[in-house]
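Let me begin by presenting the structure, written as structure tokens, before commenting on it.
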Amino acid sequence: MKNKQVSFVVGKKRVYIPIVQGGMGVGISLHQLAGAVAKEGGIGLISSAQIGFREKDFASNPLQANLCAMKKEFESARKLAPNGVIGFNIMVATKRYEEYVKKAVALGADLIVSGAGLPTDLPLYTKGTDTNIAPIVSTEKSAHIILKYWDKKYNTTADMIVIESWKAGGHLGFHLNELEKWDDISYEIEIQKIIDIVRRYEKKYKKNIPIILAGGMSSAKDLWRAKELGASGIQVGSRFVTTKECDADIRYKEAYINAKKEDIQIVKSPVGMPARAIRNTLIRKIQTGERILPTRCYQCIKGCNPKEIPYCITQKLIEAVKGNIEEGLIFCGAETYRATKIETVKEVIDSFLLPEECV
């Protein structure tokens, strides 16, 4: 990395490739994927979402299983990329959110990216440490709320901002009726409004805050456009799923490759949020009103009532990552149908770094 030009800096961490690998759970982005991206000079993110699903005590004590797995995965990723930037994606909606954040800090994570809600107290848990913090925002309103709150209550601001559009995979930062109002042009206007807010806090705190665009990032054209809009880089999720290094089962990766545009749908998550996924047997069952009774509660998401939900999101995400692509829940981004083959992480990164004249 010493011979490469620095793309941007997060806190004191130099990032050489303007790509953040999105944190994808359950079990999609663990140490292999995060370590491989960090080794190439980007930011590798491990998803903490039910990360301990392979641990023996996961069913009986999911919290301890997850905390144990966080340590294993982070240390394994660090071995792959001793000098790379490695962090965690931790959802605000996660039960025991504070404990997961504190664990990430104790492990020495370079960065915590946090969305699925506003991470209002994230600075409290990371204060006085070298762990950088980055909220995920989708609208001008959410950016204004979180940055103003951190400024007033903690006298601090973000080390990085992720702006996630309606094209993202998994849970989305919009209400269902909001999704229809966006297109590329209107959302670019929203991005500019968010950037304007961030710049104000950059000026106040006399620091650079890298802005990362996320959602539907599939080619070098997207990276160049992001830079034209004033961003430092992009966050990429789906393109990294179809890599050799991705931690998911090969059948999960093949589901991406085989998906057609019409197979990618907005679905209602059991916890009430809209999400994007590949239509399969599970989705068809749910859409016809069938209920799949949970066998146990894995204590995953705040506000989830096992007596009312149509299916257990933990169970179905685990089934998917293990290769049950018909009965599992396969989250994906809007541009997933563009995937045509299994690649290496390096090949994916190189495809994003094409010169502008080649795009």
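Brief remarks on what is shown
- Qualifying residue in segment 235-257 (condition: surrounded by fewer than 21 Cβ atoms within 10 Å (Cβ to Cβ), over 30 Å from residue 272 (Cα atoms), of a type in the set (Ser, Thr, Tyr) and touching a helix residue (DSSP H, G or I) at 6+ places or on another chain (Cβ under 6 Å)): no
- Odd one out for residue 105, checked against (1) touching a Ser or Thr at 6+ places or on another chain (Cβ under 8 Å); (2) β-branched (Val, Ile, Thr); (3) closer than 26 Å to residue 213 by Cβ: (3)
- Residue 303 on the phi > 0 side of the Ramachandran plot, surrounded by fewer than 16 Cβ atoms within 10 Å (Cβ to Cβ) and in contact (Cβ under 8 Å) with a residue 12 or more places away in the chain: yes
- Qualifying residue in segment 208-219 (condition: more than 17 Å from the chain's Cα centre (by Cα), open to solvent by less than 10 Å² (accessible area, probe 1.4 Å) and of a type outside the set (D, E, K, R)): yes
- Every pair of residues 6+ apart whose Cβ atoms lie under 6 Å, when the first sits in segment 178-189 and is closer than 19 Å to residue 274 by Cβ while the second is among the small types (Gly, Ala, Ser): 187/165
- Restricted to helices (runs of 4 or more DSSP H) entirely inside segment 60-138, those with at least 2 residues that are of a type in the set (Asp, Glu) and either open to solvent by less than 10 Å² (accessible area, probe 1.4 Å) or at negative phi (or both) are 62-80, 97-107.
- Matching residues in segment 80-104 - criterion: being within 20 Å of residue 61 (Cβ to Cβ) and either more than 14 Å from the chain's Cα centre (by Cα) or hydroxyl-bearing (Ser, Thr, Tyr) (or both): 94, 95, 96, 97, 98, 99, 100, 101, 102, 103, 104
- Residues in segment 315-358 that are open to solvent by less than 30 Å² (accessible area, probe 1.4 Å), in a loop (DSSP other than H, G, I, E, B) and either touching a strand residue (DSSP E or B) at 6+ places or on another chain (Cβ under 8 Å) or farther than 19 Å from residue 49 by Cα (or both): 6 in all.
- Cross-chain or 6+ apart pairs with Cβ under 6 Å, segment 99-111 first and in contact (Cβ under 8 Å) with a residue 24 or more places away in the chain, then assigned to a helix (DSSP H, G or I) and surrounded by 18 or more Cβ atoms within 10 Å (Cβ to Cβ): 101/125; 103/67; 103/70; 105/126; 107/74
- Scanning segment 150-198 for residues that are touching a Pro at 6+ places or on another chain (Cβ under 6 Å), in a helix (DSSP H, G or I) and buried (at least 22 other Cβ atoms within 10 Å of the Cβ) gives a single hit, 150.
- Enumeration of residues in segment 268-286 that are touching a Leu at 6+ places or on another chain (Cβ under 9 Å) and surrounded by fewer than 17 Cβ atoms within 10 Å (Cβ to Cβ): 268
The values are calculated or read from the model by the stated rules, or taken from the named source; none is laboratory data. From a predicted model like this one, the values you see are computed outputs, not experimental measurements. Using ideal geometry, Cβ is built from the backbone for each residue, glycine included, and neighbour counts are taken over all protein chains shown. The accessibility values were calculated without ligands, DNA or RNA, using every heavy atom of the protein model including side chains. Shrake-Rupley method; radii C 1.70, N 1.55, O 1.52, S 1.80 Å.
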